[in-house]
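Novice: Take a look at this one; I'll ask things after.
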Amino acid sequence: QVQLVESGGGLVQAGGSLRLSCTASGLTFSSLAYAMAWFRQAPGKDREFVAAISWNGGTTSYTDSVTGRFTISRDNAKNTVYLQMNSLKPEDTAVYYCAADSWFERIKSKPSHWGQGTQVTVSS
């Protein structure tokens, strides 16, 4: 079974940067074809789509609030997807979750696999 483990979260000052990593285990040839995504959930709010990337990295998608600041990438040889977060704002504070799904469109709303999450806190 596919397991997703996030890392790289922490406390950062507004305007700073963090890079989140999500490493997958239990991958097979078919699972390597999965789209990957990042979601986040702030205190008292619903889980929000942040960014997604197709299985070969050829297509990416971002929510408007992070466009131009965040970059999603993947290294299939390392079974890892990254979220480079620049120009961080206090409103970016949330638990960030890695996700995977075989369908690029479905991953934006109902991904089939989830990581446990990593906390990102941005101070003013």
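Each reported figure results from applying straightforward, stated rules to the coordinates on display, with no laboratory input. This one's a predicted model, so the numbers in the text were calculated from it and none came from an experiment. All Cβ positions, glycine included, derive from the backbone under ideal geometry; neighbour counts span all protein chains shown.
Novice: Please identify every one of the trypsin sites (Lys or Arg not before Pro) in the stretch 1-86 that sits in a loop by DSSP and has no more than 11 other beta carbons within 10 Å of its own beta carbon. All intermediate terms of the calculation are to be shown ahead of the outcome.
Specialist: Working: sites: R19, R40, K45, R47, R69, R74, K78; in loops: K45, R47, R69.
Here the sparse-neighbourhood loop sites are K45.
Novice: Going Cα to Cα from K108, which aspartates and glutamates come in below 16 Å? Please leave out same-chain ones fewer than 8 positions away.
Specialist: Cα-Cα hits under 16 Å: D46, E48, D64.
Novice: Hey, can you grab everything whose amide H is under 5 Å from the amide H of G117? Only 5+ residues off in sequence or another chain; H modelled, so Pro and N-termini drop out.
Specialist: Residues meeting the amide H criterion: E6, C98.
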